[in-house]
Amino acid sequence: MKDLDYGKLLSDYGNVLVLLILCLFVSFVTLEEQSPRSEAAAERLAKQIASKNSPGANVAILVRSGEGAEKFSKTLETALADAGLTVTTNVVGNPAAARAALESQDAPLPAIAADEHMIVFCREQLSKLAGEFPQLAKTAAYQPIKHKWPNFLKRDNLLNVLKQISIVAIIAIGMTMVIITAGIDLSVGSLIAFSGVITALTIQQLGGGDPSLTQFLLGSAAGILACAAIGFGTGGLVTLFNIPAFIVTLGVMFIAKGLAFIFSESAPVPIEGSFAWLGRGADFFGLPNSVVLMLLLYAIAHVVMTHTSVGRYIYAVGGNPEAARLSGVPVKWVLVLVYTLCGLLAGLGGVMEASLHTTGDPKSGTLVELQVIAAVVVGGTSLAGGQGKIFGTLVGALIIGVIRNGMNLTGVESHMQNVVYGVVILIAVMVDQLKNRGLKTAG
Amino acid sequence: MKKFINLIPAICLTAWLGCGGGGGDTKSKGVIAYSPLTLSNPFFKVIGDHIKAEAEKNGYTVRIVDPNMDVKKQSDQMDDFISSGVTAIILVPCDRLSVGPSVQAANKAGIPVFTVDAKCAAENAKIEGHVGTDNFQGGELAGKAMITALGDAGGKVLVLDFKKANSCVLRVAGFKKVIDAHNKTATGKIEIVSELDGNGDRTKGYQSTADALQAHEDLDAIFAINDPSALGAYTAVKEAKRDDKIKIIGFDGQLDGKQAIKDGKLYADPIQHPDKMGRQIVQLIMKYQAGEKFESETLIPATLYTKTEADQDPALK
């Protein structure tokens, strides 16, 4: 009895375990020296400089511009002043600005406080500048003491991983439902392009160069609903004519891709910049908007799949359509519903992609259908239908996202990346098979 | 069996650690990141190899990724570069407009972005420097080679273009300028009978040429905007058994293009110099890093490569 529970636990949350191990591993390989930007680091640096220089000595601050740079340079300036030193210049900018600031120093400059980028500039250029500018002859550059921390576990990077999987993960919700009914939808990648183009064109038609929020919303609605309509059509063809979903959606894939190119006249359709809110904004506690949307949709989908009759119908249709029909499940309508939802979510993915690039690009979405299917399969949903979990798919998307991010951070060559993806998918399917066999022998 | 399966992930991860991982080199001055259009085109690989060599010589580490022509992938890669705080980014934009928001994100993070070969045309996206081929001048070279190839008689020409890439549009413009000037004075006129999309690849180059050969029985020459589409065109011409009559001019000077010139399959190529491009873009970054002034755009002239050059090329069989 105990053994069976253990097995069930592992089969339910096995991929969470895989994800955790993967995160640990990626953290380990991306361990690198980091230059801290905290208040404590600034104070330590100020103390270090004060201990090596006489009180009141001149110090220049050089920091590369970017997120948090202003704050760090301000903190550093206060800390240096508190330590009894005179800050002559405080540069937040590029190397050219740093050079200009150093060249314009008129009193001898014994010390420079720099970040990890500007310290390279100082090491390279100070000796060269010293000849021409005597005030720099005895200048020493200091930087905060480095500490080791994985690049992977930086807040920005973790948010990147979530942001990067958001589109695939959202479409994977619909795909999970389709696959649970033992179907497949190959058209979602093309629908991304189609939806993006429709959205961009609608916004352009309605708003011209300076569209309003309503026009953005109308444009997005047009893209999403157009894809939902296509999904409805797909579902209709699958149920009415009993054509295999693989074939129907293959046809739709070509049609949608072709239409995206025709409507856009083969050129990307630009959208005004503030449309980037959905794809690039971060308005909820610093979480990217696309990630918030993803989590919200997963919560809703989870409730639908586990606590409503619609969810139970979807599992029933996938498990045994004949039995489902006999017990009064409207099998055809359930199928039409899942393909419509899948189309709708692909449309939403297209809007998000268009927002990310502020362009409706007919080339976008290529091969995304395979990434979506991979996320679902790695997430533990069986292609045979009848079983699978919504949150499993999210974990599947995360596993693929973490592997991708880890390989990019460590610079694994791209063809090798493809090999790794392939191996991960095969392992997922093998584990799935073993799990099924294990359950059967146990039962 | 089960034990073995449990081992597989461990083996994969170890392989990963072996082939790419290891983290950063503490002695490095920083990381220069390179995201080209695609690494399956050898042209961008050569640029990457020379970026690596030149940057490592100057004490930097290089990180090369492959977006495989997908602008979504490229922008994901840019996000990764930004969060790991690289020194500079070298980009061959997968789309000259859609890449804009990613470049803006790098701008905001204070990371300088440089482009090589193709430019970024997005608004409000700051590019610090660009190194490319003088494509218009290269197109002119192709035009001159075409005049030599056809001689006094002139003839009918098919152009395989790729309008999505601005560089290729410039090549065709340079080509046409020379041909038009020639036609004003010459007796044997050169007529461009058809301009078809070659998509810059072998498959489409082959298909479009095969169609054009049906439509124009008296075609004399083809100008293709790069080597893959020129080689695709050659396959179609060979299949129609008209390779003794139709002369093909390509562009790029990739290894298989050069070999085809030596074998007499192609007539000539204005060649680009990816090695110089890779080195010069790194030199621009060095100047930027030193805070020195530099020309924000460097165009490297193309040179004409014919059978004479190919016969002396030690890199060819």
Notebook entry, point to check: Got at least one residue in the range A:361-380 being touching a Lys or Arg at 6+ places or on another chain (Cβ under 9 Å), closer than 21 Å to A:Thr249 by Cβ, within 11 Å of chain B (Cβ to nearest Cβ) and of a type in the set (S, T, N, Q)?
Noted result: yes
Selection from the range A:44-66 of residues free of Cβ contacts under 8 Å to residues at least 40 places away in the same chain and either of a type in the set (Asp, Glu) or within 21 Å of B:Ala105 (Cα to Cα) (or both) yields A:Ser65, A:Gly66
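Out of B:Ser84, B:Ser102, B:Ser35, which single residue is under 14 Å from A:Leu409 (Cα atoms), of a type in the set (Gly, Ala, Ser), modelled with pLDDT of 90 or more and crowded, with 19+ Cβ neighbours inside 10 Å? Working first, answer last.
Values: B:Ser84 fails: modelled with pLDDT of 90 or more; B:Ser102 fails: under 14 Å from A:Leu409 (Cα atoms).
Just one listed residue meets the conditions, B:Ser35.
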For the range B:112-134, the count of residues that are at pLDDT 95 or above and at the interface with chain A (Cβ under 8 Å from one of its Cβ atoms) equals 1
Scanning the range B:122-146 for residues that are open to solvent by less than 40 Å² (accessible area, probe 1.4 Å) and over 21 Å from the mean Cα position of the chain (by Cα) gives B:Ala125, B:Met146
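Select from the range A:359-395 the residues that are among the hydroxyl-bearing types (Ser, Thr, Tyr), buried (at least 24 other Cβ atoms within 10 Å of the Cβ) and closer than 16 Å to A:Gln164 by Cα and list them in ascending order. Don't jump to the end; show me each part of the working.
Step one: of the range A:359-395, the residues among the hydroxyl-bearing types (Ser, Thr, Tyr) are A:359, A:364, A:366, A:381-382, A:393.
Then keep just the ones that are buried (at least 24 other Cβ atoms within 10 Å of the Cβ); that gives A:359, A:364, A:381, A:393.
A:Ser364, A:Thr393 - these are the residues of the range A:359-395 that are among the hydroxyl-bearing types (Ser, Thr, Tyr), buried (at least 24 other Cβ atoms within 10 Å of the Cβ) and closer than 16 Å to A:Gln164 by Cα.
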(message) Yes or no: the range B:175-197 includes at least one residue that is closer than 21 Å to B:Tyr305 by Cβ, touching a Lys or Arg at 6+ places or on another chain (Cβ under 7 Å) and part of a helix (DSSP H, G or I).
(response) yes
Kindly indicate whether any position in the range A:65-78 is within 23 Å of A:Met118 (Cα to Cα), open to solvent by 40 Å² or more (accessible area, probe 1.4 Å), away from chain B (no Cβ under 11 Å) and among the β-branched types (Val, Ile, Thr). yes
When B:Leu158 is run through (1) within 13 Å of chain A (Cβ to nearest Cβ); (2) open to solvent by less than 40 Å² (accessible area, probe 1.4 Å); (3) modelled with pLDDT of 90 or more, the failure sits at (1)
The lone condition B:Leu316 fails out of (1) modelled with pLDDT of 95 or more; (2) farther than 25 Å from B:Lys119 by Cβ; (3) not polar (S, T, N, Q) is (1)
(request) Answer yes or no as to whether B:Thr235 is open to solvent by 20 Å² or more (accessible area, probe 1.4 Å), of a type in the set (Val, Ile, Thr) and closer than 30 Å to A:Ala97 by Cα. (result) no
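If you check A:Gly219 against the conditions, is it under 24 Å from the mean Cα position of the chain (by Cα) and open to solvent by less than 50 Å² (accessible area, probe 1.4 Å)? Talk me through it step by step, then tell me what you get.
On the way: under 24 Å from the mean Cα position of the chain (by Cα): yes; open to solvent by less than 50 Å² (accessible area, probe 1.4 Å): yes.
Taking the combined requirement at face value, the residue satisfies it.
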Checked pairs for the range B:172-191, first under 18 Å from B:Asp220 (Cα atoms) and assigned by TED's automatic domain parsing to the domain that holds B:Ser229, second among the polar types (S, T, N, Q) and open to solvent by 10 Å² or more (accessible area, probe 1.4 Å), C-beta under 6 Å and 6 or more apart or across chains, list as B:Lys189/B:Asn183
Residue hits (the range A:18-27; open to solvent by 90 Å² or more (accessible area, probe 1.4 Å) and either more than 9 Å from chain B (Cβ to nearest Cβ) or in contact with a Gly (Cβ under 6 Å, 6 or more places away or on another chain) (or both)) are A:Leu20, A:Leu24
Over the range A:392-419, the set of residues touching a residue at least 12 places away in the same chain (Cβ under 8 Å) and farther than 21 Å from A:Ile184 by Cβ is A:Leu398, A:Gly401, A:Val402, A:Ile403, A:Arg404, A:Asn405, A:Gly406, A:Met407, A:Leu409, A:Thr410, A:Gln417
Of A:Phe254, A:Phe246, the only residue that is more than 14 Å from every other protein chain (Cβ to nearest Cβ), open to solvent by 70 Å² or more (accessible area, probe 1.4 Å), in contact with a Gly (Cβ under 9 Å, 6 or more places away or on another chain) and assigned to a helix (DSSP H, G or I) is A:Phe246
Exactly one of A:Leu409, A:Leu394 is of a type outside the set (Ser, Thr, Tyr) and within 13 Å of the chain's Cα centre (by Cα), and that residue is A:Leu394
Given (1) at pLDDT 85 or above; (2) within 14 Å of chain B (Cβ to nearest Cβ), A:Glu43 misses just (2)
Here the residues within the range A:28-40 that are part of a helix (DSSP H, G or I) and within 11 Å of chain B (Cβ to nearest Cβ) are A:Phe28, A:Val29
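Could you list, in sequence order, the residues of the range B:154-171 that are part of a helix (DSSP H, G or I) and free of Cβ contacts under 8 Å to residues at least 40 places away in the same chain? Give the steps one after another, and end with the answer.
From the range B:154-171, those part of a helix (DSSP H, G or I) are B:166-171; that's our starting set.
B:Val169, B:Leu170 - these are the residues of the range B:154-171 that are part of a helix (DSSP H, G or I) and free of Cβ contacts under 8 Å to residues at least 40 places away in the same chain.
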Filtering the range B:39-62 for residues that are closer than 21 Å to A:Thr30 by Cα and surrounded by fewer than 24 Cβ atoms within 10 Å (Cβ to Cβ) leaves a count of 5
Flagged pairs (Cβ under 7 angstrom, 6 or more apart or on separate chains; first in the range A:83-100, away from chain B (no Cβ under 14 Å) and closer than 10 Å to B:Gly291 by Cβ; second among the charged types (D, E, K, R) and open to solvent by less than 40 Å² (accessible area, probe 1.4 Å)) are none
Within the range A:396-409, residues within 14 Å of another protein chain (Cβ to nearest Cβ) and open to solvent by 20 Å² or more (accessible area, probe 1.4 Å) come out as A:Ile400, A:Arg404
Next on the checklist: Take the conditions surrounded by fewer than 18 Cβ atoms within 10 Å (Cβ to Cβ), within 30 Å of A:Gly401 (Cα to Cα) and not assigned by TED's automatic domain parsing to the domain that holds A:Val87 and apply them to A:Leu225. Does it pass?
Outcome noted: yes
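Would you check which residues across the range B:80-105 are outside any loop (DSSP other than H, G, I, E, B) and either at the interface with chain A (Cβ under 9 Å from one of its Cβ atoms) or of a type in the set (S, T, N, Q) (or both) and list them?
Within the range B:80-105, B:Asp80, B:Phe81, B:Ile82, B:Ser83, B:Gly100, B:Pro101, B:Ser102, B:Gln104, B:Ala105 meet the criteria.
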| said: Residue under question is A:Val376, and the condition is that it be under 27 Å from A:Ile179 (Cβ atoms) and in a helix (DSSP H, G or I); does it hold? | reply: yes
query: Looking at the range A:145-161, is at least one residue crowded, with 21+ Cβ neighbours inside 10 Å, closer than 30 Å to A:Ser290 by Cβ, of a type in the set (A, V, I, L, M) and within 13 Å of chain B (Cβ to nearest Cβ)?
result: yes
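The values are calculated or read from the model by the stated rules, or taken from the named source; none is laboratory data. Everything numeric in this text was worked out from a predicted model, so none of it was measured. Because the Cβ atoms are built from the backbone with ideal geometry, glycine has one as well, and the counts that use them run over all protein chains shown. Surface accessibility is based on the protein's heavy atoms, side chains included, excluding ligands, DNA and RNA. Shrake-Rupley method; radii C 1.70, N 1.55, O 1.52, S 1.80 Å.
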